[in-house]
Amino acid sequence: TPPEVERGWTLATSGVAIKPPFFATVKSTNYLPNALCVMDAEAAGSDQGVFIDADGFVAEGPNMNIAVLTADGKKLLVPPFENALAGLTVQRVIQLASAAAAAGALGPVEAVELAKFTREEALGAAEVMVVGSGTLVMPVTRWDGRPIGAGAPGPVALRLREMVLDDMRTPSSDRHVAIPY
């Protein structure tokens, strides 16, 4: 396990306005708000920033999606893709986590849902994680200086990370196509 995964990341809520929904949900080269969000986080001594939408709900990070494990550990929530990019990695995590939860193989997690949640709800979550192609699944240990859960990488985030890594290297996965070189 890489040291940064063992440590987990810290998040900071950004004061940078989130892009309007059309631009937030389109992969483009308009990364100025994203760069400003990261700069906000770095100025606060954190690893990554978080965009909050106009209605006060968590939307996404500057280049990754966010997921929370509810305080009771039974639901993994991902913000709907109304104000956030529907990242391919988070879509695959949703598929893998849903199958694992249905099989009883993801600890106490019973369901995976696209659902809105506030920063305060996230701060009270059992676990928070960021999900993206560059980070895969990265546990979050602090948000705005407050510990998340036990303040250490959570077992569900770590398990999901292993599931994604396994999925990436398993040739029999339905996501892999054999290329005859």
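The values are calculated or read from the model by the stated rules, or taken from the named source; none is laboratory data. None of the values given here were measured: they were computed from a predicted structure. Neighbour counts run over all protein chains shown; Cβ positions are idealised from the backbone, glycine included. For the accessible areas, the whole protein counts, side chains as well, though only heavy atoms, and no ligand, DNA or RNA atoms are used. Shrake-Rupley method; radii C 1.70, N 1.55, O 1.52, S 1.80 Å.
Tabulated values for the structure
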| quantity | calculated |
| --- | --- |
| Kyte-Doolittle mean at least -1.0 and Cα axial length at least 20 Å: DSSP H helices in the chain | 88-102, 155-169 |
| Stokes-Einstein translational diffusion, the stretch 70-181 - Kirkwood Rh over all Cα pairs, 1.306 mPa s, 10 °C, in µm²/s | 108 µm²/s |
| Lysine-lysine proximity count for the chain, Cα under 19 Å, sequence distance 8 or more or distinct chains | 4 |
| Virtual spin-label span in nm between residue 162 and residue 121, 7 Å along Cα→Cβ | 2.9 nm |
| Accessible surface of the stretch 38-175, 1.4 Å probe, proportion on carbon and sulfur as whole % | 54 percent |
| Extension gain from residue 179 to residue 36, taking 0.36 nm per residue of separation minus the Cα-Cα distance | 47.5 nm |
| Distance between modelled label sites at residue 43 and residue 26, nm, 7 Å Cα→Cβ extension | 2.8 nm |
| Heavy-atom surface of the chain, accessible at 1.4 Å and reported per residue (Å²) | 50 Å² |
| Solvent exposure ordering (accessible area, 1.4 Å, most first) of 163, 168, 138 | 168, 163, 138 |
| Bins of 10 Å from zero: percent of alpha-carbon pairs in the stretch 9-135 | 14, 46, 32, 8, 0 |
